[in-house]
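Notes follow once the structure below has been shown.
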Amino acid sequence: MKQYGAEFFGTFWLVLGGCGSAVLAAAFPELGIGFVGVALAFGLTVLTMAFAIGHISGCHLNPAVSIGLWAGGRFPAGKLFPYIIAQVLGGIAAGAILYIIASGKAGFDASAGFASNGYGAHSPGGYSLTAALVTEIVMTMMFLIVILGATDKRAPQGFAPIAIGLCLTLIHLISIPVTNTSVNPARSTGVAVFAGDWALAQLWLFWVAPIIGSILGALVYRFIGREGQ
């Protein structure tokens, strides 16, 4: 239960920190943090939580990461479903807190976006479903390769949180214009349930693509990271 609690609060922090920066601070008049600030915010949530709870739960904070670690032989199947439930609930709890805060401003409209992921008309840059699908698969694949490599016992010890946090920052710098960057079904679900409408209708892609990408990343690392080959 401690592990599931750690995943709940870790994912809560990721969604509150990352999506909160997008909703509250990205476009703030004159002093807005923009895409770069949002990218850093997501990376910092993972980096800080990796140091805080990595020794408790492994700090997955993401159903796709848990599935990828299972596919990579690093995580038991028996814990997979409870981890995913804890992550999704943590994301939704963060979405609820963010909704309460954001709705305190006159004119707030969650259906306008609320940091939700989307494609087509709901992509920040107007990118197609195909572009969004490929982006989310490839970005999640690379994320898993970095996670598996950085946490490999042969890698320099103690630096994994930095590599993983910076990788997530880089992923956001690349893909915010395409999908608003998911690579994490819990992050997408946590805000989509409050945005409703189109965000829920398009949510399927932000479950399917990251899971496919995570499995591909695990398979790639199992090939390139094998010892004695």
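The values are calculated or read from the model by the stated rules, or taken from the named source; none is laboratory data. From a predicted model like this one, the values you see are computed outputs, not experimental measurements. Cβ placement follows ideal geometry from the backbone for every residue including glycine, while neighbour counts extend to all protein chains displayed. Note: accessible area is taken over every heavy atom of the protein model, side chains too, but ligands, DNA and RNA are not part of it. Shrake-Rupley method; radii C 1.70, N 1.55, O 1.52, S 1.80 Å.
Inside segment 130-151, can you point out the residues that are open to solvent by 40 Å² or more (accessible area, probe 1.4 Å), over 12 Å from Leu216 (Cα atoms) and hydrophobic (A, V, I, L, M, F, W, C)? Scanning segment 130-151 gives Leu133, Val134, Val146.
Of note, Ala131 satisfies the criterion of being among the small types (Gly, Ala, Ser) and either more than 15 Å from the chain's Cα centre (by Cα) or in a loop (DSSP other than H, G, I, E, B) (or both). A count restricted to segment 176-194 and to residues that are surrounded by fewer than 24 Cβ atoms within 10 Å (Cβ to Cβ) and in contact (Cβ under 8 Å) with a residue 60 or more places away in the chain stands at 4. Annotation: of all residues in segment 110-129 being more than 30 Å from Gly72 (Cα to Cα) and aromatic (Phe, Trp, Tyr), the one that is surrounded by the most Cβ atoms within 10 Å (Cβ to Cβ) is Phe114. When Ser57 is tested against (1) over 27 Å from Ala160 (Cβ atoms); (2) surrounded by 21 or more Cβ atoms within 10 Å (Cβ to Cβ), only condition (1) is not met. Looking only at residues in segment 170-229 that are assigned to a helix (DSSP H, G or I) and among the charged types (D, E, K, R), the one that is farthest from Asp152 (Cα to Cα) is Asp197. Candidates in segment 202-229 are the residues that are of a type in the set (Phe, Trp, Tyr) and closer than 11 Å to Ser188 by Cβ; of these, the one that is surrounded by the fewest Cβ atoms within 10 Å (Cβ to Cβ) is Trp204.
When Ala50 is tested against (1) assigned to a loop (DSSP other than H, G, I, E, B); (2) touching a residue at least 60 places away in the same chain (Cβ under 8 Å), only condition (1) is not met. In segment 74-95 there is at least one residue matching the filter, namely being assigned to a loop (DSSP other than H, G, I, E, B) and in contact (Cβ under 8 Å) with a residue 40 or more places away in the chain.
Looking at segment 22-47, which of its residues are surrounded by fewer than 21 Cβ atoms within 10 Å (Cβ to Cβ) and without any contact (Cβ under 8 Å) to a residue 60 or more places away in the chain? Hits for segment 22-47 are Ala25, Ala26, Ala27, Phe28, Pro29, Glu30, Leu31, Gly32, Ile33, Gly34, Gly37.
Does segment 86-109 include one or more residues that are open to solvent by less than 50 Å² (accessible area, probe 1.4 Å), of a type outside the set (Gly, Ala, Ser), within 16 Å of Trp207 (Cβ to Cβ) and at pLDDT 95 or above? Looking for residues that are open to solvent by less than 50 Å² (accessible area, probe 1.4 Å), of a type outside the set (Gly, Ala, Ser), within 16 Å of Trp207 (Cβ to Cβ) and at pLDDT 95 or above, one finds at least one in segment 86-109, hence yes.
If the condition is being closer than 13 Å to Val36 by Cα and either crowded, with 24+ Cβ neighbours inside 10 Å or touching a helix residue (DSSP H, G or I) at 6+ places or on another chain (Cβ under 7 Å) (or both), then segment 157-173 contributes Leu166, Leu168, Thr169, Ile171, His172, Leu173.
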